[in-house]
Amino acid sequence: MALDVDGFAVLRSIGAHPEAFAAIALEVARTARALVLKQITAKDRGLKSVRDIRAAVGPEAFSLITDGMSDAQIKALALKLDRHNPELKTANEAARRLHVLALAGGVAEPMEKSKSVRKRTPLKKTEAPLDPASRIQFSSAGAIRRR
């Protein structure tokens with residue numbers, strides 16, 4: 001049975017001693033960004049999780065990471081975090097990016113599901129529609145009744 005290394009402990013050590021790992025500094029930054037991005041965009045993660053991630057990495061690092069996200073990733077994240085906001089579907093990329101940052105920072109909250117107009121209920125089988133002859137009042141249409 002192979003033992004595995006504690007990745008969090010190793011990453012903490014790399015962060016605590018950056019001078020010892022100067023040759024891989026660029027790779028550490030890329031990997032850190034990729035890991036955070038993977039966690040933010042995970043399907044089972046919601047707004048609370050994104051806010052926790054922002055608190056853990058800090059607002060500046062979180063902002064830099066979201067700035068590096070593609071427009072498609074930002075759109076998907078914005079729609080996932082605020083799925084009942086109709087404006088997000090037509091908003092531009094900059095507006096979506098700002099909205100994601102506002103949601104993650106706790107400045108904005110997702111929209112509640114709007115109450116839709118009640119749908120018409122279909123006629124029940126016991127309620128038969130009236131035939132046209134019984135619905136039309138000939139006298140109101142100017143017809144003269146003959147006897």
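The values are calculated or read from the model by the stated rules, or taken from the named source; none is laboratory data. Keep in mind it's a predicted model, so treat the numbers as computed, not measured. With ideal geometry, Cβ positions are generated from the backbone for all residues, glycine too; neighbour counts draw on all protein chains shown. Surface areas here come from the heavy atoms of the whole protein model, side chains and all, with no ligands, DNA or RNA. Shrake-Rupley method; radii C 1.70, N 1.55, O 1.52, S 1.80 Å.
Tabulated data
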read-out	value
Projected area, mean over directions - the stretch 1-93, Cα convex hull, nm²	8.2 nm²
Within the stretch 42-60: backbone nitrogen closer than 19 Å to the Ser70 label point (7 Å, Cα to C-beta)	42-43
For the stretch 18-66: accessible area per residue (Å², 1.4 Å)	68 Å²
